[in-house]
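Enquirer: The structure that follows is given in the form of structure tokens.
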Amino acid sequence: MDEKPDVARELARQHYDAGDPLGWFEALYKQANGKFDTIPWADRGVNPHLAAWCVRELHPRPGARVVVIGCGLGDDAEYLAARGAVVTAFDLSETAIQWCRQRFPQSTVTYKVANLLEFVGDFDLAVEIYTLQAMPPALRAQAIESAGNLARDLLIICRGREETDPPGQLPWPLTRADLEPLSNLGLSIQNFEDFDDPFQPGTRRFRAYWRR
Ligand SMILES: C[S@@+](CC[C@H](N)C(=O)[O-])C[C@H]1O[C@@H](n2cnc3c(N)ncnc32)[C@H](O)[C@@H]1O
């Protein structure tokens with residue numbers, strides 16, 4: 001959530017107060033009614049940190065089975081499919097998934113409505129971008145464990161902070177310690193990049209890649 005966050009934060013607050021902390025995603029997509037303006041992450045293009053990583057790592061290879069977690073409006077999934085991966089992309093929001101199907105009617109991506117906390121898979125690569133940081137911190141550990149069980153390899157791109165920094169506001173940056181339990185799932189860290197986002201100066205990002 002990097003721009004236009006006010007509508008999203010207000011909806012999130014209302015849903016938290018009502019005891020439904022994940023409900024605001026569907027509400028936001030529904031309220032947008034097909035317009036991109038109020039969806040803070042609707043860049044209508046591939047995430048540049050994902051694209052740069054794929055080019056650098058030559059990953060995923062054509063034919064690799066990739067799952068995109070919290071795929072939003074589908075741009076990252078479509079990019080991975082265009083690189084030849086066999087892509088499944090899922091999101092909690094039914095409206096987001098319908099929107100993906102409308103935007104990309106010829107797509108080879110299998111789009112699904114699903115909750116990360118319940119989704120089970122056996123993919124070659126799982127890609128998580130900006131979803132963990134948007135989920136309630138109370139669900140973070142469970143969400144990270146679910147993401148870590150989906151595939152042989154895992155790529156996470158998210159906001160980052162030090163343990164000693166204040167937690168901030170939505171989207172809540174992750175700490176390195178948040179991600180350490182992944183090593184208990186048999187994943188070993190291949191590279192952990194910690195950088196100031198050149199496309200959004202002043203925003204600290206992590207881009208981290210694990211293999212099993
Ligand atoms: C901040 S958006 C990022 C979307 C996309 N990854 C991007 O970078 O454009 C987070 C997305 O994750 C979805 N989401 C949130 N919680 C989820 C969950 N538990 N399971 C699946 N999707 C979830 C939301 O509906 C939303 O589309």
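The values are calculated or read from the model by the stated rules, or taken from the named source; none is laboratory data. Bear in mind the structure is a predicted one, so any value in this text is a computation, not a measurement. Every residue, glycine among them, receives a Cβ derived from its backbone with ideal geometry; neighbour counts consider all protein chains shown. These accessible areas exclude ligands, DNA and RNA; they are computed on the full protein's heavy atoms, side chains included. Shrake-Rupley method; radii C 1.70, N 1.55, O 1.52, S 1.80 Å.
Enquirer: Considering segment 123-163 alone, what residues qualify as being touching a Leu at 6+ places or on another chain (Cβ under 8 Å), outside any strand (DSSP E or B) and either among the small types (Gly, Ala, Ser) or more than 10 Å from the ligand (Cβ to nearest atom) (or both)?
Expert: Ala134, Arg140, Ala143, Ile144, Glu145, Ser146, Ala147, Gly148, Asn149, Arg161
Enquirer: Do we find a residue being near the ligand (Cβ under 9 Å from one of its atoms) and in contact with a Gly (Cβ under 6 Å, 6 or more places away or on another chain) anywhere in segment 52-75?
Expert: There is at least one residue in segment 52-75 that is near the ligand (Cβ under 9 Å from one of its atoms) and in contact with a Gly (Cβ under 6 Å, 6 or more places away or on another chain).
Enquirer: Related question: Could you list all residues from segment 134-170 that are crowded, with 22+ Cβ neighbours inside 10 Å, closer than 21 Å to Asp20 by Cα and touching a residue at least 40 places away in the same chain (Cβ under 8 Å)?
Expert: Met135
Enquirer: May I pose another question? Take the residues in segment 164-189 that are of a type in the set (A, V, I, L, M) and assigned to a strand (DSSP E or B); name whichever of them is nearest to the ligand (Cβ to nearest atom).
Expert: Leu174
Conditions (1) among the aromatic types (Phe, Trp, Tyr); (2) open to solvent by 50 Å² or more (accessible area, probe 1.4 Å); (3) in a helix (DSSP H, G or I), marked per residue:
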position: Cys54; (1), (2), (3): no, no, yes
position: Arg61; (1), (2), (3): no, yes, no
position: Leu73; (1), (2), (3): no, no, no
position: Gly84; (1), (2), (3): no, no, no
position: Val87; (1), (2), (3): no, no, no
position: Ile97; (1), (2), (3): no, no, yes
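Enquirer: Another question, then. Of all residues in segment 181-212, count the ones that are open to solvent by less than 70 Å² (accessible area, probe 1.4 Å), of a type in the set (A, V, I, L, M, F, W, C) and free of Cβ contacts under 8 Å to residues at least 40 places away in the same chain.
Expert: So the count comes out to 4.
Enquirer: Let me ask you something else. Could you say whether any residue in segment 101-118 is under 13 Å from the mean Cα position of the chain (by Cα), within 13 Å of the ligand (Cβ to nearest atom) and modelled with pLDDT of 95 or more?
Expert: Yes, segment 101-118 contains a residue that is under 13 Å from the mean Cα position of the chain (by Cα), within 13 Å of the ligand (Cβ to nearest atom) and modelled with pLDDT of 95 or more.
Enquirer: A further question on this structure: For the subset of segment 24-33 comprising residues that are within 15 Å of the ligand (Cβ to nearest atom) and over 28 Å from Leu154 (Cβ atoms), which member is most open to solvent (accessible area, probe 1.4 Å)?
Expert: Filtering segment 24-33 for residues that are within 15 Å of the ligand (Cβ to nearest atom) and over 28 Å from Leu154 (Cβ atoms), the one most open to solvent (accessible area, probe 1.4 Å) comes out as Lys30.
Enquirer: Can you say whether Arg44 is part of a helix (DSSP H, G or I) and either in contact with a Pro (Cβ under 6 Å, 6 or more places away or on another chain) or open to solvent by 20 Å² or more (accessible area, probe 1.4 Å) (or both), as far as the supplied structure shows?
Expert: Considered against the rule, which asks whether it is part of a helix (DSSP H, G or I) and either in contact with a Pro (Cβ under 6 Å, 6 or more places away or on another chain) or open to solvent by 20 Å² or more (accessible area, probe 1.4 Å) (or both), Arg44 comes out as no.
Enquirer: Also, I was wondering about something else. May I ask you to verify whether Leu50 is more than 21 Å from Phe199 (Cβ to Cβ) and touching a residue at least 12 places away in the same chain (Cβ under 8 Å)?
Expert: Considered against the rule, which asks whether it is more than 21 Å from Phe199 (Cβ to Cβ) and touching a residue at least 12 places away in the same chain (Cβ under 8 Å), Leu50 comes out as no.
Enquirer: Could you please tell me which pairs satisfy a Cβ distance under 9 Å, a separation of 6+ or placement on different chains, a first residue in segment 118-133 that is farther than 25 Å from Gln169 by Cβ, and a second residue that is in a helix (DSSP H, G or I) and more than 13 Å from the ligand (Cβ to nearest atom)?
Expert: Close Cβ pairs (under 9 Å, with a partner that is in a helix (DSSP H, G or I) and more than 13 Å from the ligand (Cβ to nearest atom)) amount to Ala126/Gly148.
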